[in-house]
Amino acid sequence: PESGRVTVEEGVVFGHGGGRELKCDIYTPPGNPTHAPGVLLIHGGGWSSGDRTQLKGHGILLGRVGYVCVAAEYRLSGEAQWPAPIQDVKAALRWMRANAARLGIDPDRIAVSGNSAGGHLSLMVAATPNVPEFEGQGGNPGVDTSVVACIGIYPPVDLKPDPALTGAVSMLMGEGASDAAYAGASPITHVKPGFPPTLLIHGNNDELVPEEASLSIYRALRKAGVSAELHIYADQPHAFDSSPVFGRQTVQVMDLFLRRYLVESEAAPAALGVAR
């Protein structure tokens, strides 16, 4: 019945960037929740392509188990260079928190999750709460941009030395970007105690972002005393979760992680074949 379906609201304006509207899609669990955990979803595409619809599967599957998900767009590198993407993503996070009642979420229980370039942005959001240079002018100034938990799925973590991503990173950073600028845009340089609990997911046959990316930031997080876990899937390439089987498995892992760090009660309904 319709009452048991995840509601999808598309094309909602959450802010402005570069003189244009920035939009998101909202995935609301059945039953019109009023105090649900929220998840900001960030798409990949090498910072130069992709759109918010890429994570529709994640939005629906997570919505079924009780998370209100917001899949947000951001300015791509052909339109604006760093730090525009993280400023737009943080604008979406501020909008979620400022509009918590309208969305039916608890403003104190918001996580961020992203794939590939979106995983990079997810980690950067987690690493730099309320840092002025990354906040931008996307609306709702002064609203907190911290998150309770972070998920990075095959994320680039150190932008400077990654040969497979040189072209995409150059477009993102702009010609002549300094070593300091590259370091500032690399999540691994921001790891410190107090970093939110983090889940990393990777395939060990990734042709674009080597598994060492997730391994390296996992080791750094653990050294800093951060709660972190890493799931590596054998023989899987970049974007392996686009396969329905792996997509469903990925969301099961995400749900288990988020329940531990984001959900205060174990009362959410059983779904996705995961025992509660």
The number of residues in the range 163-203 that are crowded, with 18+ Cβ neighbours inside 10 Å, small (Gly, Ala, Ser) and within 25 Å of residue 234 (Cα to Cα) is 1
Determine, yes or no, whether residue 82 is closer than 22 Å to residue 36 by Cα and open to solvent by 10 Å² or more (accessible area, probe 1.4 Å). no
Give the residues of the range 27-46 that are in contact with a Cys (Cβ under 6 Å, 6 or more places away or on another chain) and more than 20 Å from residue 196 (Cβ to Cβ), sorted by residue number. 27
Of (1) under 23 Å from residue 240 (Cβ atoms); (2) open to solvent by 10 Å² or more (accessible area, probe 1.4 Å); (3) touching a helix residue (DSSP H, G or I) at 6+ places or on another chain (Cβ under 7 Å), residue 147 satisfies all except one. Which? (1)
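When you go through 125, 39, 89 one by one, which is the residue that is farther than 30 Å from residue 178 by Cβ, crowded, with 24+ Cβ neighbours inside 10 Å and among the β-branched types (Val, Ile, Thr)? Reasoning before the result, please.
Values: 125 fails: farther than 30 Å from residue 178 by Cβ; 89 fails: farther than 30 Å from residue 178 by Cβ.
Being farther than 30 Å from residue 178 by Cβ, crowded, with 24+ Cβ neighbours inside 10 Å and among the β-branched types (Val, Ile, Thr) holds for just one of 125, 39, 89, which is 39.
Can you confirm whether residue 243 is open to solvent by less than 50 Å² (accessible area, probe 1.4 Å), more than 20 Å from residue 197 (Cβ to Cβ) and among the hydroxyl-bearing types (Ser, Thr, Tyr)? If you could, list the steps in order and put the result at the bottom.
Values: open to solvent by less than 50 Å² (accessible area, probe 1.4 Å): yes; more than 20 Å from residue 197 (Cβ to Cβ): yes; among the hydroxyl-bearing types (Ser, Thr, Tyr): yes.
Here the answer is yes, as residue 243 does meet what is asked.
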Does the range 204-219 contain at least one residue that is touching a Leu at 6+ places or on another chain (Cβ under 6 Å), touching a residue at least 60 places away in the same chain (Cβ under 8 Å), under 14 Å from residue 119 (Cα atoms) and open to solvent by 20 Å² or more (accessible area, probe 1.4 Å)? no
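Is the range 47-59 home to any residue that is farther than 30 Å from residue 207 by Cβ and either small (Gly, Ala, Ser) or buried (at least 24 other Cβ atoms within 10 Å of the Cβ) (or both)? I'd like the intermediate steps shown before the answer.
Initially, the range 47-59 is screened for residues farther than 30 Å from residue 207 by Cβ, giving none.
Within the range 47-59, none of the residues are farther than 30 Å from residue 207 by Cβ and either small (Gly, Ala, Ser) or buried (at least 24 other Cβ atoms within 10 Å of the Cβ) (or both).
Might you let me know whether the range 23-37 holds any residue that is charged (D, E, K, R) and either more than 20 Å from residue 172 (Cβ to Cβ) or over 18 Å from the mean Cα position of the chain (by Cα) (or both)? Talk me through it step by step, then tell me what you get.
So in the range 23-37, the residues charged (D, E, K, R) come out as 23, 25.
Next cut, either more than 20 Å from residue 172 (Cβ to Cβ) or over 18 Å from the mean Cα position of the chain (by Cα) (or both) only: 23, 25.
For the range 23-37, residues charged (D, E, K, R) and either more than 20 Å from residue 172 (Cβ to Cβ) or over 18 Å from the mean Cα position of the chain (by Cα) (or both): present.
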Restricting attention to the range 228-239, report how many residues are assigned to a strand (DSSP E or B), out of contact with any Leu (no Cβ under 7 Å at 6 or more places or on another chain) and aliphatic (A, V, I, L, M). 1
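The values are calculated or read from the model by the stated rules, or taken from the named source; none is laboratory data. Please read all numbers here as calculations on a predicted model, not as lab measurements. No Cβ is skipped: glycine too gets one built from the backbone with ideal geometry, and neighbour counts run over all protein chains shown. These accessible areas exclude ligands, DNA and RNA; they are computed on the full protein's heavy atoms, side chains included. Shrake-Rupley method; radii C 1.70, N 1.55, O 1.52, S 1.80 Å.
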